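The values are calculated or read from the model by the stated rules, or taken from the named source; none is laboratory data. Bear in mind the structure is a predicted one, so any value in this text is a computation, not a measurement. Please note: Cβ atoms are built from the backbone with ideal geometry, for glycine as well, and neighbour counts cover all protein chains shown. Heavy atoms of the whole protein, side chains included, go into the accessibility calculation; ligands, DNA and RNA do not. Shrake-Rupley method; radii C 1.70, N 1.55, O 1.52, S 1.80 Å.
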Amino acid sequence: MKKRLTDRFVESVAPPASGRAVYIDDTAPGLELRVSADGRKAWSIRYKPRGGERKRETHGTYPAVSLAAARERARDIGAAAIKGIDLPTAERREREERRKSDNRPHTVGDLLDEYVERYCKPNQRKWTLAARIFDSHVKPAIGKKPLGELRRADIVELLDDLQNKKGLRAQVNRVRSQVLAALNWGIEREYLDTNPAAAIKKRRIEASRDRVLTNDELQAIWRAADGLPDPSRSLVKAWILTGQRRDEVRCMTWSEVDLTHAVWTLPAARNKGKREHEIPLVPTMVELLDGLRRCGLPVFTIDGTKPYAGQKRLKAILDRESGVTGWTLHDFRRTASTGMAALHVPQDTIDRVLNHAKGTLAGTYNRHQYANEKRRALEAWAERVTFIVGDAREAVNVVELRVSA
């Protein structure tokens with residue numbers, strides 16, 4: 001029904017017995033008053049952008065929106081439609097862009113934090129490594145820089161300072177790769193258009209480590225560990241005896257350990273090779289684990305809930321008490337590998353002890369677990385360690401252990 005709408009009419013119009021009554025204003029083109037049977041009075045505006053389809057936009061209810069306000073809105077939409085502009089749609093798009101702008105990261109530090117929270121935490125076992133790199137090296141230098149102003153030169157300067165002023169080596173390339181990944185993630189979400197780190201090449205400054213602890217150094221570190229309380233003492237010895245990766249040992253759980261059959265089963269989800277890995281436990285390891293207090297799921301724990309986390313402090317104590325310098329905890333693994341090789345353990349068996357990746361065909365067709373070979377290799381290494389940390393001066397009376405192929 002077309003009608004000249006007035007304030008008195010809009011206020012006093014009676015609702016229909018059922019359904020909905022529609023009154024079309026003859027003053028503001030496209031404006032309609034829709035009165036429902038429950039008494040609700042809603043404004044609706046019909047319009048057709050030039051060259052487009054006919055549309056309808058709701059515009060609140062009476063009396064929250066007055067007749068005058070509804071007419072003004074109808075005229076604005078109609079004027080824009082004559083120019084080919086869909087005003088309500090354009091306004092919604094603008095609001096969405098504004099909302100996105102309010103929520104998007106504005107600085108490099110904001111982006112790095114969001115990347116860690118939304119990508120690293122859900123997808124990476126060692127997400128804290130990325131967080132530490134950002135907190136220690138990236139944010140202090142460029143964290144406050146507006147994201148839109150980040151340039152390649154800023155990242156190059158950051159890497160130059162880490163290399164030349166701080167004397168870092170391998171860590172420089174790790175910083176580069178983490179920044180590159182974070183910015184690529186940001187591009188996917190349209191936080192920035194290009195990646196300033198994309199053209200920055202990896203620096204040729206990394207030297208592969210070949211540090212193997214000597215017998216005297218291994219003895220000194222073992223004896224330094226003897227002076228520590230558990231779980232620190234046992235953790236150090238487990239690193240040495242098993243030759244497994246640092247965090248794989250540190251995060252060992254009691255559910256993975258079978259002391260009755262003397263085997264530790266490392267699940268695929270918790271090792272670099274992404275495959276289940278069985279590590280035979282030599283008698284020394286069984287005794288070591290059996291002597292630990294079980295106060296939670298983690299084997300090496302202080303509070304009973306989280307795996308041991310004081311590695312940096314532990315390393316500093318071992319350095320001080322042993323007098324050995326220039327080594328890392330990863331050198332235990334290399335020392336075990338070298339030690340087994342010196343005992344004539346076949347390299348293929350050593351690789352399987354250390355869970356190194358094998359060739360595709362070997363992994364597909366050779367399902368033999370080498371359990372006996374791995375146990376003999378680790379037993380030989382444990383015997384060697386026992387000799388070294390005991391009194392290695394009596395070497396003339398020791399017959400070197402050999403492991404059959």
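Select from segment 217-250 the residues that are open to solvent by 50 Å² or more (accessible area, probe 1.4 Å) and touching a residue at least 24 places away in the same chain (Cβ under 8 Å) and write down the one among them that is nearest to Arg352 (Cα to Cα). This residue is Arg246. Residues being touching a residue at least 40 places away in the same chain (Cβ under 8 Å), among the basic types (Lys, Arg), out of contact with any Ser or Thr (no Cβ under 6 Å at 6 or more places or on another chain) and open to solvent by 50 Å² or more (accessible area, probe 1.4 Å) are entirely absent from segment 154-171.
For segment 261-277, a residue qualifies if it is touching an Asp or Glu at 6+ places or on another chain (Cβ under 9 Å), assigned to a loop (DSSP other than H, G, I, E, B) and open to solvent by less than 80 Å² (accessible area, probe 1.4 Å), and the qualifying residues are Pro267, Asn271.
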